[in-house]
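Values quoted throughout were computed directly from the atomic coordinates according to the rules given, and no laboratory measurement underlies them. Note that the structure is a prediction, hence the values are computed from the model and not measured. With ideal geometry, Cβ positions are generated from the backbone for all residues, glycine too; neighbour counts draw on all protein chains shown.
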Amino acid sequence: MPGSARAGLALLFIGAIFVGMGTYLKRGSFELYGLIMAIAGFSIYLISSVVVARNRRKIRETRGK
């Protein structure tokens, strides 16, 4: 797993924890901040996974020729 995907997952989990804490403490701004972090983390993870999969597919295609 590439480093960027790990960073995305870390942001996703930390953001989810912030959302949970904000909901429990009834702090809307804390919850919103956590939601933004979680969305950003998921986006980073998804984009890096797609890029790595495409690169691996290209490498396999060039080796097969």
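Assorted remarks:
- Qualifying trypsin sites (Lys or Arg not before Pro) in the stretch 27-63, DSSP loop, other Cβ atoms within 10 Å at most 14: 27
- Charge dipole (debye, nearest 20) of the chain; +1 at Cβ of Lys and Arg, -1 at Cβ of Asp and Glu: 540 debye
- Pairwise label distance in nanometres, residue 29 with residue 60, each label 7 Å out on the Cα-Cβ vector: 4.9 nm
- Length-normalised contact order of the chain in % [C-alpha pairs under 8 Å, at least 6 apart]: 39 percent
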